[in-house]
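S.K.: Below are the structure tokens for one structure; questions will follow.
Bear in mind these aren't lab numbers, they're just calculated from the coordinates by the rules spelled out. The structure presented is a predicted model; accordingly, all values stated were derived computationally and were not measured. Here Cβ is always computed from backbone atoms with ideal geometry, including for glycine, and neighbour counts include all displayed protein chains.
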Amino acid sequence: MIRYQEDARSWVLETDLTAYVLGISERGHLLHAYYGSKLPYDADYPPAADGHGWGSFNSAEDRNPEEYMAWGGIRYAEPCLKATFADHVRDVVLQYDLFSIEGNQLTIVMRDKVYPLQVELLYQVLPGLNLIEREVRLANLGSSPITLEQALSGTLHLPREESYRLSYLTGKWAGETQLQQMNMPEGKFVMESRSGITSHHTNPWFALDAGGAADERQGVVYYGALAYSGNWKIATESRLGRTRVTAGIHDFDWAWELKGGTTFTVPKLVLGCSAEGFGGASRSLHDYQRQLVLPAPHRSELRKVLYNSWEATTFDVNEEDQGKLAEIAAELGVEQFIMDDGWFGARNTDKAGLGDWVVNPEKFPNGLQPLIDKVESLGMEFGIWVEPEMVNPDSDLYRAHPDWVYHYPTRERSMMRTQCVLNLARPDVREYLFNCLDKLLTDNRIRFVKWDMNRGFSEPGYPDASAEEHREIWTRHVQGLYEMVRQLKENHPEVIFQSCSGGGGRVDLGILQYFDQVWTSDNTDAYDRLSIQEGFSHVYSAKVMEAWVTAEEHWMNGRRLPLKYRFHSAMTGVLGIGEDLHKWSEAEREEAKGYIAQYKVIRPIVQHGRQYRLRSTRQGIVSSVMYVSEDGREAVVFGFLLGNRNGDELPLIRLDGLDAKALYREEQSRTMKSGSAWKTMGVTLPLRGDFDSCLLRLTRVEG
Ligand code: GLA
């Protein structure tokens with residue numbers, strides 16, 4: 001998979017379908033040489049060639065596709081590395097030192113020409129997934145500290161083309177992961193988060209296709225995603241006829257003191273190149289999450305059908321009412337019953353109680369056990385909501401430790417949702433939180449934790465810290481969170497963890513290393529959800545995408561949607577129910593029971609199968625998404641109609657991912673056609689009226 005070519009002084013990193021080539025140029029620079037389809041001969045790959053300058057304003061180095069550019073000399077593009085040495089020299093000059101190949105991993109070591117700063121570039125080749133993971137270890141081999149001011153994960157250099165289209169995800173609370181596409185402008189375009197969390201506004205993923213020529217099924221798409229849940233930055237640059245993307249931890253207000261003898265590891269950047277358009281790119285990322293990223297204990301298990309009480313009861317929870325909801329949920333076929341906010345401290349509104357992780361004695365006079373017993377006797381698992389990184393000023397915790405939140409002594413503490421962010425850079429805060437949660441999970445048979453995070457950072461001060469540590473809080477918070485969850489999982493391997501941040505504010509490949517699934521959006525309107533879920537699917541697998549069926553008339557926009565449509569929209573991910581179940585009539589409960597039973601049958605296809613976006617929500621009145629089982633024997637097709645217009649015929653939906661020669665029977669119409677025919681001729685989905693939906697099932701006919 002990885003070959004060193006002695007003559008060319010270059011490394012060829014091959015996956016099943018792609019090749020990534022880098023090498024040492026004549027002038028000794030580590031340069032990118034090629035990324036794209038695998039070619040037949042090594043001689044096909046270009047050498048790492050030094051560029052040339054442009055007038056007296058751009059040096060050759062400035063135009064070189066450096067694999068890991070450090071700021072120093074004449075370089076004006078976005079650097080990966082910027083550092084200040086103890087003698088105030090702020091210029092890094094990296095030189096290639098050595099390399100090693102171990103299995104599918106290439107390590108290239110570079111060192112500063114004068115100072116004891118070592119940079120190890122790690123490339124992990126994932127052959128079947130057609131992905132490359134990049135990671136960087138920065139080590140101070142001396143004794144004087146080195147201040148890192150920028151330490152990104154890497155740069156992707158694109159082949160020379162006249163233009164590229166950039167695809168990325170933007171959004172807001174209740175409107176996350178909306179796909180945006182634009183022609184890459186000349187100059188720089190930065191996607192970022194500065195709010196301390198991954199952010200609702202942009203997600204750390206990008207995709208580029210030359211001339212906007214790729215689509216869901218064909219064309220070359222370069223893409224990448226960052227495994228980090230704090231402030232991040234992805235800068236795309238089109239300058240001097242070249243295109244590059246640099247991604248990593250945001251350098252804004254960031255610094256890290258690399259003490260003598262220590263190492264700093266940057267977050268992983270995963271890169272891919274798909275020749276099967278955007279669909280192929282997404283499927284590689286989905287497989288990657290299911291095979292390698294998700295936490296091991298539950299990685300290969302199917303996610304369960306859950307009930308969540310939030311939209312039904314908000315803060316008004318108690319043993320009796322929750323018990324009644326649990327009875328109906330169990331009758332419907334729900335497998336996990338999750339009690340949301342309101343069960344602890346003085347938590348009756350969002351104005352008090354956060355930080356006091358003790359059961360509220362008025363709501364639960366005998367603790368949680370009677371409710372847990374009841375939930376379990378009904379055949380379900382019990383789960384609970386927490387928001388550990390937060391505190392309301394009106395709480396015992398804040399009264400005891402007002403200095404435990406990020407703050408500046410001379411500034412007012414800005415509130416959002418009447419809460420402050422606890423300082424997870426502090427070891428005492430982490431210890432306190434860990435003990436609270438560990439006790440909660442030890443004392444009670446809890447099998448699911450919804451871990452929320454309902455605001456961004458402000459006044460990110462840590463007055464007790466040493467001078468150098470102040471700007472480290474951004475990263476220390478993320479590291480503290482990861483470590484806390486890792487330890488909790490180690491102590492309680494049976495518990496499923498869900499990442500929530502006011503919906504989808506903290507969804508990324510970093511959090512997915514520790515959390516088993518995510519809350520996609522607080523927007524549970526089944527129609528709005530289609531575009532949120534579609535954007536989400538560009539990066540993340542349906543297996544981690546929680547989707548709930550909620551009230552007929554939606555709280556946010558008053559839209560009324562049929563139960564069938566609400567179920568079908570939620571069945572494209574991890575199905576959950578979030579409705580006040582008392583409001584459902586007998587007939588609705590019966591109908592719901594049917595969908596839940598059907599979901600349990602198709603969920604291996606949805607959660608573990610290959611996903612095909614057949615028609616986008618941006619393409620008009622019909623959208624459709626399809627899943628094909630791992631073994632290719634079964635498929636499900638979901639279709640959604642906004643509303644018929646002018647008697648127009650509905651568009652043909654051309655299926656995908658089926659074995660071309662095999663025969664597949666569609667269950668309802670009993671139509672039997674080859675995979676190839678389903679693809680070429682397509683099908684008019686049985687949709688009519690407003691907000692109609694359908695679910696087709698196809699099975700391969702054996703023999
Ligand atoms: C956030 C979550 C919701 C719910 C509330 C509880 O907004 O996204 O699902 O848990 O907090 O306060």
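Okay, residues lined up against (1) among the acidic types (Asp, Glu); (2) within 16 Å of the ligand (Cβ to nearest atom); (3) over 28 Å from the mean Cα position of the chain (by Cα):
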| site | (1), (2), (3) |
| --- | --- |
| Ile249 | no, no, no |
| Gly261 | no, no, yes |
| Ser274 | no, no, no |
| Tyr288 | no, no, no |
| Glu301 | yes, no, no |
| Gly333 | no, no, yes |
| Ile338 | no, yes, no |
| Gly342 | no, yes, no |
| Asp356 | yes, yes, yes |
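S.K.: Would you check if Leu655 is touching a Phe, Trp or Tyr at 6+ places or on another chain (Cβ under 8 Å) and more than 19 Å from Val701 (Cβ to Cβ)?
M.R.: Taking the combined requirement at face value, the residue does not satisfy it.
S.K.: Go through the stretch 269-291 residue by residue and tally those that are in contact with a Lys or Arg (Cβ under 9 Å, 6 or more places away or on another chain) and either in a strand (DSSP E or B) or closer than 15 Å to Phe206 by Cβ (or both). Break it down into steps so the answer makes sense when it comes.
M.R.: Looking only at the stretch 269-291, we keep the residues that are in contact with a Lys or Arg (Cβ under 9 Å, 6 or more places away or on another chain), and these are 269-271, 274, 276-280, 282-283, 286-287, 289-291.
Cutting the leftovers down to either in a strand (DSSP E or B) or closer than 15 Å to Phe206 by Cβ (or both) gives us 269-271, 274, 276, 278, 282.
So the answer is 7.
S.K.: Still on this structure, I have one more. Specify which of the listed residues (Phe434, Phe497) is buried (at least 17 other Cβ atoms within 10 Å of the Cβ), assigned to a strand (DSSP E or B) and either touching a residue at least 40 places away in the same chain (Cβ under 8 Å) or in contact with a strand residue (DSSP E or B) (Cβ under 9 Å, 6 or more places away or on another chain) (or both).
M.R.: On the way: Phe434 fails: assigned to a strand (DSSP E or B).
The match here is Phe497.
S.K.: Considering only residues of the stretch 448-481 that are in contact with a Ser or Thr (Cβ under 8 Å, 6 or more places away or on another chain) and of a type outside the set (A, V, I, L, M), which is farthest from the ligand (Cβ to nearest atom)?
M.R.: The first filter runs over the stretch 448-481 and keeps only residues in contact with a Ser or Thr (Cβ under 8 Å, 6 or more places away or on another chain), leaving 451-454, 456-459, 468, 478, 481.
Next, from what is left, pick out any that are of a type outside the set (A, V, I, L, M): 451-452, 454, 456-459, 468.
Values: Trp451: 10, Asp452: 5, Asn454: 5, Gly456: 13, Phe457: 17, Ser458: 18, Glu459: 22, Glu468: 35 Å.
This residue is Glu468.
S.K.: Does the stretch 391-410 include one or more residues that are in contact with a helix residue (DSSP H, G or I) (Cβ under 6 Å, 6 or more places away or on another chain) and either within 16 Å of the ligand (Cβ to nearest atom) or over 17 Å from Gly456 (Cα atoms) (or both)? Steps first, please.
M.R.: So in the stretch 391-410, the residues in contact with a helix residue (DSSP H, G or I) (Cβ under 6 Å, 6 or more places away or on another chain) come out as 391, 404.
From what is left, the residues that are either within 16 Å of the ligand (Cβ to nearest atom) or over 17 Å from Gly456 (Cα atoms) (or both) are 391.
Looking for residues that are in contact with a helix residue (DSSP H, G or I) (Cβ under 6 Å, 6 or more places away or on another chain) and either within 16 Å of the ligand (Cβ to nearest atom) or over 17 Å from Gly456 (Cα atoms) (or both), one finds at least one in the stretch 391-410, hence yes.
S.K.: Taking the stretch 513-531, which residues are within 11 Å of the ligand (Cβ to nearest atom) and outside any loop (DSSP other than H, G, I, E, B)? Full working, then the answer.
M.R.: As a first pass, look at the stretch 513-531 and keep what is within 11 Å of the ligand (Cβ to nearest atom): 518-524.
Within the stretch 513-531, Val518, Trp519 meet the criteria.
S.K.: Now a separate question. Would you point out which residue out of Gly505, Gly510 is closer than 17 Å to Ala225 by Cβ and within 16 Å of the ligand (Cβ to nearest atom)?
M.R.: Values: Gly510 fails: within 16 Å of the ligand (Cβ to nearest atom).
After applying the criteria, what remains is Gly505.
S.K.: Give the residues of the stretch 103-137 that are outside any loop (DSSP other than H, G, I, E, B) and in contact with a helix residue (DSSP H, G or I) (Cβ under 8 Å, 6 or more places away or on another chain), sorted by residue number. Don't jump to the end; show me each part of the working.
M.R.: Filtering the stretch 103-137 down to residues outside any loop (DSSP other than H, G, I, E, B) leaves 105-112, 117-126, 131-137.
Scanning the stretch 103-137 gives Leu126, Leu131.
S.K.: Scanning the stretch 379-406 for residues that are more than 29 Å from the chain's Cα centre (by Cα) and part of a loop (DSSP other than H, G, I, E, B), which turns out surrounded by the most Cβ atoms within 10 Å (Cβ to Cβ)?
M.R.: For the stretch 379-406, the residue satisfying everything is Ser395.
S.K.: Among the numbered conditions (1) farther than 30 Å from Glu192 by Cβ; (2) surrounded by 13 or more Cβ atoms within 10 Å (Cβ to Cβ); (3) over 31 Å from the mean Cα position of the chain (by Cα), tell me where Gly28 comes up short.
M.R.: (2)
S.K.: Residues that are assigned to a strand (DSSP E or B) and more than 22 Å from Ile602 (Cα to Cα): does the stretch 658-674 have at least one? It would help to see each step written out before you state the result.
M.R.: Of all residues in the stretch 658-674, those assigned to a strand (DSSP E or B) come to 663-666, 672-674.
This time we only want the ones that are more than 22 Å from Ile602 (Cα to Cα), so: none.
Taking every residue of the stretch 658-674 in turn, none turns out to be assigned to a strand (DSSP E or B) and more than 22 Å from Ile602 (Cα to Cα).
S.K.: Could you look through the stretch 589-629, keep only residues that are at negative phi and of a type in the set (Gly, Ala, Ser), and pick out the one that is nearest to the chain's Cα centre (by Cα)? Let's see the steps before the verdict.
M.R.: Our first condition is that a residue be at negative phi; within the stretch 589-629, this holds for 589-619, 621-629.
Keeping just the survivors that are of a type in the set (Gly, Ala, Ser) gives 592, 594, 597, 609, 616, 623-624, 629.
Working: Ala592: 30, Gly594: 31, Ala597: 29, Gly609: 19, Ser616: 20, Ser623: 23, Ser624: 22, Ser629: 23 Å.
Taking the candidates together, the pick is Gly609.
S.K.: From (1) within 28 Å of Glu590 (Cβ to Cβ); (2) within 16 Å of the ligand (Cβ to nearest atom), pick out the condition that doesn't hold for Thr349.
M.R.: Going through the list (1) within 28 Å of Glu590 (Cβ to Cβ); (2) within 16 Å of the ligand (Cβ to nearest atom), Thr349 breaks only (1).
S.K.: Another question about this same structure. With the checklist (1) small (Gly, Ala, Ser); (2) away from the ligand (no atom under 16 Å from the Cβ); (3) surrounded by fewer than 22 Cβ atoms within 10 Å (Cβ to Cβ) in hand, flag the one item Ala281 doesn't pass.
M.R.: (3)
S.K.: Residues of the stretch 76-87 being in a loop (DSSP other than H, G, I, E, B) and either crowded, with 18+ Cβ neighbours inside 10 Å or touching a strand residue (DSSP E or B) at 6+ places or on another chain (Cβ under 6 Å) (or both), which ones?
M.R.: First pass over the stretch 76-87, keeping only residues in a loop (DSSP other than H, G, I, E, B): 76-80, 85-87.
Passing the criteria: Ala77, Glu78, Pro79, Cys80, Phe85.
S.K.: Only residues in the stretch 331-356 that are of a type in the set (Phe, Trp, Tyr) count as the first member; pair them with residues that are more than 14 Å from the ligand (Cβ to nearest atom) and part of a helix (DSSP H, G or I), Cβ under 6 angstrom, at least 6 apart or cross-chain, and list the lot.
M.R.: So the pair list comes out as Phe337/Ala326; Phe337/Ala329; Phe337/Val375.
S.K.: Identify the residue in the stretch 308-331 that is more than 12 Å from the ligand (Cβ to nearest atom) and of a type in the set (A, V, I, L, M, F, W, C) and, among all such residues, is surrounded by the most Cβ atoms within 10 Å (Cβ to Cβ).
M.R.: Ala329
S.K.: Sticking with this structure for a sec: So which of Leu122, Leu148 is buried (at least 21 other Cβ atoms within 10 Å of the Cβ), in contact with a strand residue (DSSP E or B) (Cβ under 6 Å, 6 or more places away or on another chain) and not β-branched (Val, Ile, Thr)? Don't jump to the end; show me each part of the working.
M.R.: Numbers: Leu122 fails: buried (at least 21 other Cβ atoms within 10 Å of the Cβ).
Answer to the check: Leu148.
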